[in-house]
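Asks: Okay, handing you the structure first.
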Amino acid sequence: MKLAKEFVDSLNWPKSLFDETHNRCFCTDCYPSTWENLLLAVGSHYVIPRGWTRLGLHVDPMFKEEHNIWNKWIVTFHGTTKIAARSILTHRHFYLPGDKLIDGTILGIREGHIPNQKFIFTSPTIVYSSLSVYSSKNSFYSHVDRTNYEVQMVLQCRQQPGSFQVQGETVGARSIRICPYIPNEKIEYFTDIRSSIVAYGLLVRMKAKSGIL
Ligand SMILES: [Zn+2]
């Protein structure tokens, strides 16, 4: 948690984006290997993001109340980049390809994906959302333990049931199973409704880079 916080502090995002009450660490010390891997939220399975640390995000009180998201919406993951995550959190909505991000750039459809599919993609498993085509890799040097890290970010979300469609993987995995819990045929959710997803956690995974600088 300490390391993840150091990374997030380095981003210099406004403090008001965060809500510590949703903080949770899923490392093997904090979430033992004997605990459940697959959980159910509102009748929909999602996979525990083992190895990731969640920095809680502030969710608008009106949104929580209006949609009763903790009791009515399912849990999904959305792999993203530093600038897209910041845009989503600051503007309080998800982006469709073609939308303008906070730095003025246009959100594109990732290379290799089906062209003209203008949707927001999520998944019930972080194994899929954290593939590098969705979740870009950032470099970070920790002054606390003087180590270089490769950092990825994924948003943990609540998503409105019935507002999205389910499809198979679109990363060319074919017969190679991506996640032990969610079959490849049901691993990608897509929607064109921006307001049907709300992020309540910024998940961070930090891998120490080996070798001398
Ligand atoms: Zn931990």
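Asks: For the stretch 65-83, which residues satisfy the criterion of being crowded, with 16+ Cβ neighbours inside 10 Å and either over 11 Å from the mean Cα position of the chain (by Cα) or free of Cβ contacts under 8 Å to residues at least 12 places away in the same chain (or both)?
Replies: Residues satisfying the conditions are HIS67, ILE69, TRP73, ILE74.
Asks: Looking at (1) closer than 16 Å to LEU96 by Cβ; (2) in contact with a strand residue (DSSP E or B) (Cβ under 6 Å, 6 or more places away or on another chain); (3) not in a loop (DSSP other than H, G, I, E, B), can you tell me which one SER163 breaks?
Replies: Of everything listed in (1) closer than 16 Å to LEU96 by Cβ; (2) in contact with a strand residue (DSSP E or B) (Cβ under 6 Å, 6 or more places away or on another chain); (3) not in a loop (DSSP other than H, G, I, E, B), SER163 misses just condition (3).
Asks: Answer with yes or no whether SER33 is out of contact with any Gly (no Cβ under 7 Å at 6 or more places or on another chain), without any contact (Cβ under 8 Å) to a residue 24 or more places away in the chain and surrounded by 18 or more Cβ atoms within 10 Å (Cβ to Cβ).
Replies: Taking the combined requirement at face value, the residue does not satisfy it.
Asks: Is it true that some residue in the stretch 139-146 is touching a residue at least 24 places away in the same chain (Cβ under 8 Å), over 13 Å from PHE94 (Cβ atoms) and β-branched (Val, Ile, Thr)?
Replies: Yes; the residues of the stretch 139-146 include at least one that is touching a residue at least 24 places away in the same chain (Cβ under 8 Å), over 13 Å from PHE94 (Cβ atoms) and β-branched (Val, Ile, Thr).
Asks: Ok, one more. List the pairs whose first member sits in the stretch 1-18 and is assigned to a helix (DSSP H, G or I), whose second member is away from the ligand (no atom under 14 Å from the Cβ) and among the aromatic types (Phe, Trp, Tyr), and whose Cβ atoms are under 6 Å apart, counting only residues at least 6 apart or on separate chains?
Replies: PHE7/PHE140
Asks: Residue check: is ASP60 free of Cβ contacts under 8 Å to residues at least 12 places away in the same chain and surrounded by fewer than 13 Cβ atoms within 10 Å (Cβ to Cβ)?
Replies: no
Asks: Residues of the stretch 21-62 being within 16 Å of the ligand (Cβ to nearest atom), hydrophobic (A, V, I, L, M, F, W, C) and not in a loop (DSSP other than H, G, I, E, B), which ones?
Replies: Selection gives CYS25, LEU55.
Asks: Could you say whether any residue in the stretch 100-108 is out of contact with any Leu (no Cβ under 7 Å at 6 or more places or on another chain), within 16 Å of THR191 (Cα to Cα) and crowded, with 17+ Cβ neighbours inside 10 Å?
Replies: Within the stretch 100-108, none of the residues are out of contact with any Leu (no Cβ under 7 Å at 6 or more places or on another chain), within 16 Å of THR191 (Cα to Cα) and crowded, with 17+ Cβ neighbours inside 10 Å.
Asks: Something else now. I want to confirm something. Restricting to the stretch 147-163 and keeping residues that are in contact (Cβ under 8 Å) with a residue 40 or more places away in the chain and open to solvent by 40 Å² or more (accessible area, probe 1.4 Å), which single residue is farthest from ASP9 (Cα to Cα)?
Replies: Taking the candidates together, the pick is PRO161.
Asks: Does the stretch 175-200 hold any residues that are in a loop (DSSP other than H, G, I, E, B) and open to solvent by 10 Å² or more (accessible area, probe 1.4 Å), and which are they?
Replies: Selection gives SER175, ILE176, ARG177, ILE178, PRO180, TYR181, ILE182, PRO183, ASP192, ILE193.
The values are calculated or read from the model by the stated rules, or taken from the named source; none is laboratory data. Worth saying up front: this structure is predicted, and the values here are computed from it rather than measured. No Cβ is skipped: glycine too gets one built from the backbone with ideal geometry, and neighbour counts run over all protein chains shown. Calculation scope for accessible area: heavy atoms of the full protein, side chains included, ligands and nucleic acids excluded. Shrake-Rupley method; radii C 1.70, N 1.55, O 1.52, S 1.80 Å.
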